[in-house]
Amino acid sequence: MFDWKLISSDSHIVEPPDVWAERIDRTYRDRAPRVVAEHDGDWWMVDGVRTNSFQGGAQAGKRFENQDLLRPAARFSEVRRGAYDPDEFLKENESDGVYGSVIYPTEGLQLFRVPDTGLLSATFRGYNDWLGEFCLADPRRLKGIALINVEDVAGAVRELERARKAGLAGAMITVSPPEDRSYDHPQYEPFWAAAQDLDAPLALHIDTNRPTPGVPEENNRNKRPSGLANADHWVRMSLGHVILTGVFERYPRLRIGSAEHELSWAPHFIDRLDYTYTQRARRDSWHRFKGDALPSHFFHRNVFLSFQEDGLGIRDREIIGIDALMWGSDYPHTESTFPQSRPILDRILDGVPDAERRKITSTNAATLYGFDLG
């Protein structure tokens, strides 16, 4: 039983085909994301790169009925209206018991695959403009997450400032930057400082890896299941780089979190952070924290974790830290809990005290993103 306002910390829109028709710099307009009809569905193409189809907005709830119905592609005409119409979005989420939503993209996740950083930044700006318009339908209940290209650090700072002024509640950055620009590099210092000063939580969302030169890119047609089953590898690496290089020590109010990687990897990760820091031979380049602080201290203070239905993670919630946990429905994606969010929450939170349930399903996300629950 939930007698409070549920907040989904990870919901999505599905971008309509015309999002970038007018919302991108003219320099890039002929290379902007566009939709191409193919034999199995409509697909986004960006500068010759196939990214995603529309299955993410066409199949919500079907996994509860018949998993054989699930497909890796769909037509835009099959996408539920709530995925792109804010009024219908609110109605459908109300029917699922959800009061407010933190909003991520769908095609925008795949855009991180685009190699050209100038095109990437321009595409992100266009999306952020569209998302700002979407959230204006009810800013109290719709909290948009901007897309930011951090490979251009100065540009990233400017876009984060612009997004916050436009009312967007936080930002999403790649979960896995190129290895020569991983998050343990000092080039990101101005961006971390800006995110702290702007009170902008930063999310590392599943499936936002930057391309690796020489490695063929996967799309939804040829994605390997092992990559999905082990997706938490990338968020562990990026969070490890941030924590172990002292970023949170230098920027104590900075919040960086995981979105849609679930939870049960976190207890082992926390343990390994402290073990590595205290039990392995120190290298001269390794950061040492002030006093007796451990990496786990910064994980518990600065990291947040958005999840859908990880009962194992809930079991270990005391190790992870209850204040870090934030449920999200993943509406309207194929694997979302919609339209059965409340029964699923009752199941995975069985035996959890109401005070903790309220934090996990409402107040933790409300505090981080500025929802008014009054």
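The values are calculated or read from the model by the stated rules, or taken from the named source; none is laboratory data. Keep in mind it's a predicted model, so treat the numbers as computed, not measured. All Cβ positions, even for glycine, are placed from backbone atoms using ideal geometry, and neighbour counts span all protein chains on display. Only protein heavy atoms, including side chains, enter the accessible area calculation; ligands, DNA and RNA are left aside. Shrake-Rupley method; radii C 1.70, N 1.55, O 1.52, S 1.80 Å.
Quick notes
- Residue within region 178-186 that is in contact with a helix residue (DSSP H, G or I) (Cβ under 7 Å, 6 or more places away or on another chain) and farther than 30 Å from SER226 by Cα present: no
- Pairs where the first residue, in region 86-100, is farther than 17 Å from ASP372 by Cβ and the second is open to solvent by less than 20 Å² (accessible area, probe 1.4 Å) and at pLDDT below 95, C-beta under 9 Å, 6+ apart: GLU92/ALA60; GLY97/PHE2
- Just so you know, in region 363-374 the residues that are open to solvent by 70 Å² or more (accessible area, probe 1.4 Å) and part of a loop (DSSP other than H, G, I, E, B) include one that is farthest from ARG140 (Cα to Cα), and it is GLY374.
- Residue match in region 45-56 (condition: of a type in the set (D, E, K, R) and closer than 25 Å to LEU119 by Cα): yes
- Some residue of region 73-90 being within 20 Å of the chain's Cα centre (by Cα), under 22 Å from ALA171 (Cα atoms), surrounded by 19 or more Cβ atoms within 10 Å (Cβ to Cβ) and of a type outside the set (A, V, I, L, M, F, W, C): yes
- Restricting attention to region 63-104, the residues being assigned to a helix (DSSP H, G or I) and either among the charged types (D, E, K, R) or at pLDDT 95 or above (or both) number 18.
- Of the criteria (1) hydroxyl-bearing (Ser, Thr, Tyr); (2) open to solvent by less than 10 Å² (accessible area, probe 1.4 Å); (3) under 22 Å from PRO211 (Cβ atoms), which one TYR28 fails: (2)
- Residue in region 101-113 that is under 20 Å from the mean Cα position of the chain (by Cα), of a type outside the set (Gly, Ala, Ser), more than 20 Å from GLY167 (Cα to Cα) and open to solvent by 20 Å² or more (accessible area, probe 1.4 Å) present: yes
- Every residue from region 70-85 that is in contact with a Phe, Trp or Tyr (Cβ under 9 Å, 6 or more places away or on another chain) and either in contact (Cβ under 8 Å) with a residue 60 or more places away in the chain or of a type in the set (Ser, Thr, Tyr) (or both): ALA73, PHE76, SER77, VAL79, GLY82, ALA83, TYR84
- Within region 122-141, residues that are within 19 Å of TYR369 (Cβ to Cβ) have Cβ atoms under 8 Å from residues that are of a type in the set (A, V, I, L, M) and open to solvent by 10 Å² or more (accessible area, probe 1.4 Å) in these pairs: ASN128/ALA166; GLY132/ALA166; ALA137/LEU90; ASP138/LEU90; ARG141/LEU90, counting only partners at least 6 apart in sequence or on another chain.
- Counting only helices (runs of 4 or more DSSP H) that fall entirely inside region 145-246 and contain at least 1 residues that are in contact with a Leu (Cβ under 6 Å, 6 or more places away or on another chain), surrounded by 15 or more Cβ atoms within 10 Å (Cβ to Cβ) and of a type in the set (D, E, K, R), the qualifying elements are 153-165.
- Of the residues contained in region 41-51, none is found to be modelled with pLDDT of 95 or more and assigned to a loop (DSSP other than H, G, I, E, B).
- Qualifying residue in region 237-257 (condition: in contact (Cβ under 8 Å) with a residue 12 or more places away in the chain, out of contact with any helix residue (DSSP H, G or I) (no Cβ under 9 Å at 6 or more places or on another chain) and closer than 23 Å to SER11 by Cβ): yes
- Just one of (1) modelled with pLDDT of 95 or more; (2) open to solvent by less than 10 Å² (accessible area, probe 1.4 Å); (3) under 20 Å from the mean Cα position of the chain (by Cα) fails for TRP20. It is (3).
- Inter-residue pairs, beta-carbon under 6 Å, first closer than 19 Å to GLY97 by Cβ and in region 307-335, second among the aliphatic types (A, V, I, L, M) and modelled with pLDDT under 95, 6+ apart: PRO332/ALA60
- Filtered residue count, region 12-40, keeping only those that are aromatic (Phe, Trp, Tyr) and in a loop (DSSP other than H, G, I, E, B): 1
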